[in-house]
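Taking it in order: structure first as structure tokens, then the write-up.
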Amino acid sequence: MPDRCGKTEPVEKNTLKYSIIVPAHNEEANVSPTLRALADALRAEGIPFELVVVDDNSTDGTAQAAYTAQKDIPEIVLVGNPGASGLGRAVRHGLRHFTGDLVAIVMADQSDNPADVVRCYRKIEEGYDCVFGSRFMKGSNVTAYPPLKLAVNRLGNTVIRLMFLTRHNDLSNAFKVYRRHVIEAISPLRAAHFNITIEMSLSALIRRYAVAAIPISWSGRTWGQSNLRIREMGRRYLCTLLKLWFERLLILDDVMAEMNSPE
């Protein structure tokens, strides 16, 4: 489901370098299986890639687990978040280090399916600027989603769809893929926590990039605890949402002029 018709020219198969940013905070048991599954899937398809693992001030053996995996997977680039902890800060730090033509954000907790990572790459090859994974469209598969978080997710995404007049129904999901020029256009990013998910996706949407959505498979955590606290995150999501809504409503002409101006 593309967000608009305009696309760039398709590219030849496996000519784009794929950067996968994997933010990891206390994911000692999950990070290695996540990285190995990603590497296996990408190698099987012949896709050139790098796995940028951002250790977000973990207090367990996350960094060591990633370092050990690096011995078998030289495509791993291990960096540490030098600032305060937070998913948004870790993602932003990873975005300063990726070298690919496109970048995906993949969670370290094995919730995202490597097959979907490949499918997004193929969609980008068709000429799209961004690909948004959706857990709530025909063909998607979701397991072990906590009922309260599911209800909050559906309510929040309905509000976002109405505010931004978009058909995309899982904008708060972190799993999305962006071409490098999109990341450059939406930067600098400011969100420090899980609100980075809507800051990135909505920033791309209001700039009218060619966005495709694909159904994905998603599963709840197999180990550890989620770092998302609903009440604590509400004010941050609201701040980011209102900032981008007013940007779209009041200064979209300046946003588009800036994006289309020559260097």
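The values are calculated or read from the model by the stated rules, or taken from the named source; none is laboratory data. On a predicted model such as this, the values are computed, not experimentally measured, just so you know. Here Cβ is always computed from backbone atoms with ideal geometry, including for glycine, and neighbour counts include all displayed protein chains.
Yes or no, residue by residue, for (1) among the small types (Gly, Ala, Ser); (2) over 19 Å from the mean Cα position of the chain (by Cα):
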position: Leu38; (1), (2): no, no
position: Ala44; (1), (2): yes, yes
position: Phe49; (1), (2): no, no
position: Gly61; (1), (2): yes, yes
position: Gln64; (1), (2): no, yes
position: Thr68; (1), (2): no, yes
position: Lys71; (1), (2): no, yes
position: Gly80; (1), (2): yes, no
position: Ser85; (1), (2): yes, no
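Can you tell me which of Leu155, Leu150, Leu165 is free of Cβ contacts under 8 Å to residues at least 40 places away in the same chain, closer than 16 Å to Ser217 by Cβ and aliphatic (A, V, I, L, M)?
On the way: Leu155 fails: closer than 16 Å to Ser217 by Cβ; Leu165 fails: closer than 16 Å to Ser217 by Cβ.
Unique residue meeting the criteria: Leu150.
Just one residue in the set Arg135, Arg122, Arg89 is more than 17 Å from Thr34 (Cβ to Cβ) and surrounded by fewer than 17 Cβ atoms within 10 Å (Cβ to Cβ); that residue is Arg122. Of the residues making up region 200-258, those that are modelled with pLDDT of 95 or more, among the aliphatic types (A, V, I, L, M), part of a helix (DSSP H, G or I) and within 22 Å of Lys7 (Cα to Cα) are Met200, Leu202, Ala204, Leu205, Ile206. Scanning region 240-258 for residues that are surrounded by 13 or more Cβ atoms within 10 Å (Cβ to Cβ) and under 21 Å from the mean Cα position of the chain (by Cα) turns up Thr240, Leu241, Lys243, Leu244, Trp245.
Being within 20 Å of the chain's Cα centre (by Cα), charged (D, E, K, R) and modelled with pLDDT under 95 is the requirement here; does Asp3 meet it?
Values: within 20 Å of the chain's Cα centre (by Cα): yes; charged (D, E, K, R): yes; modelled with pLDDT under 95: yes.
Spelling it out, Asp3 is indeed within 20 Å of the chain's Cα centre (by Cα), charged (D, E, K, R) and modelled with pLDDT under 95.
Only one of the listed residues (Cys120, Cys130) is touching a helix residue (DSSP H, G or I) at 6+ places or on another chain (Cβ under 6 Å) and within 30 Å of Val77 (Cβ to Cβ). That residue is Cys130. The residues on offer are Thr68, Thr8, Thr59, and the sole one that is surrounded by fewer than 23 Cβ atoms within 10 Å (Cβ to Cβ), of a type in the set (Val, Ile, Thr), touching a residue at least 60 places away in the same chain (Cβ under 8 Å) and more than 19 Å from Ser111 (Cα to Cα) is Thr8. Would you mind stating whether Leu38 is buried (at least 22 other Cβ atoms within 10 Å of the Cβ), under 26 Å from Asp129 (Cα atoms) and either among the basic types (Lys, Arg) or in contact with an Asp or Glu (Cβ under 6 Å, 6 or more places away or on another chain) (or both)? For Leu38, the condition - buried (at least 22 other Cβ atoms within 10 Å of the Cβ), under 26 Å from Asp129 (Cα atoms) and either among the basic types (Lys, Arg) or in contact with an Asp or Glu (Cβ under 6 Å, 6 or more places away or on another chain) (or both) - is not met. The single condition from (1) of a type in the set (Val, Ile, Thr); (2) in contact with a strand residue (DSSP E or B) (Cβ under 9 Å, 6 or more places away or on another chain); (3) modelled with pLDDT of 95 or more that Thr8 fails is (3).
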